[in-house]
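Data first, discussion second: the structure below is written as structure tokens.
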Amino acid sequence: MNGSIINHVALAAALVLPLAAQETWQIDSGHSSAQFAVKHMMVSTVRGHFGKIAGTVKYDPKAPEKSYVEAVIDVNTIDTREAKRDAHLKSADFFDVEKFPAMTFKSTRAQAAGPGKLKLTGDLTMHGVTKSVTFDVEGPSAPVADGKGGFKSGASATAKIKRSEFGLTWNRVLEAGGVSVSDEVALTIDIQLNKTGKGS
């Protein structure tokens, strides 16, 4: 009887322990942002960012392929340091924030890409259109105690997309040739992660 009980306990531990190794972290909106860069008039690079990003990250450093990310970006927080340009980007010509106030990302696959690196593929929904996008991720970094019983970590992700694939097609043809705004957009997401309490 004792042997049977021990076997059942061992089996239960074998099932539970792998799950316990994956920890859930919350994206700290106050210390995170999503940046973008596009070519303007084919000569200069215009950069901007979204100031509010929230979400959840599940990560096990021993099994990074089980990682999962779900994030929401408030498109109304777009900032390119030029009020008129920001207003235009919020209009129906671009993001149309009245209809589509949020941008979301839900990962569907994670692959280890070297020490401390991941390739994270997922569904990016923007302007009402969902496309599969792969981010190159550095991190998450080793957890650091925050002195309040919790932990902090950080990660950075980059990708390139074509805005036309998301229905963002507004442009203006230049007299000298080319267009006012490039189709390719470089994305960089920098996040700080918070975890409250050991093993939470």
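Quick look at the values:
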{"item": "Lys62-Thr77 pseudo-label distance in nm [points 7 Å out on the Cα-to-Cβ vector]", "result": "3.5 nm"}
{"item": "Protection proxy ranking, peptides 184-195, 79-90, average beta carbon neighbours within 10 Å, highest first", "result": "184-195, 79-90"}
{"item": "Computed over region 22-196: relative contact order in percent, which uses C-alpha pairs under 8 Å that are six or more apart", "result": "24 percent"}
{"item": "Residues of region 90-104 with amide N under 14 Å of the 7 Å Cα→Cβ point at Ala54", "result": "102-104"}
{"item": "Per-bin percent of Cα-Cα distances, region 22-196 [5 Å]", "result": "2, 8, 16, 21, 18, 13, 10, 7, 4, 1, 1, 0, 0"}
{"item": "Distance (nanometres) between label positions extended 7 Å along Cα→Cβ at Thr45 and Gln111", "result": "2.6 nm"}
{"item": "Region 85-179: relative contact order in percent, alpha carbon pairs under 8 Å with at least 6 residues between", "result": "21 percent"}
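A short reminder: the numbers here are calculations on the coordinates, not readings from a lab. All values reported here derive from a predicted model rather than from experimental measurement. FYI the Cβ positions are ideal-geometry reconstructions off the backbone, even for glycines, and counts take in every protein chain you see.
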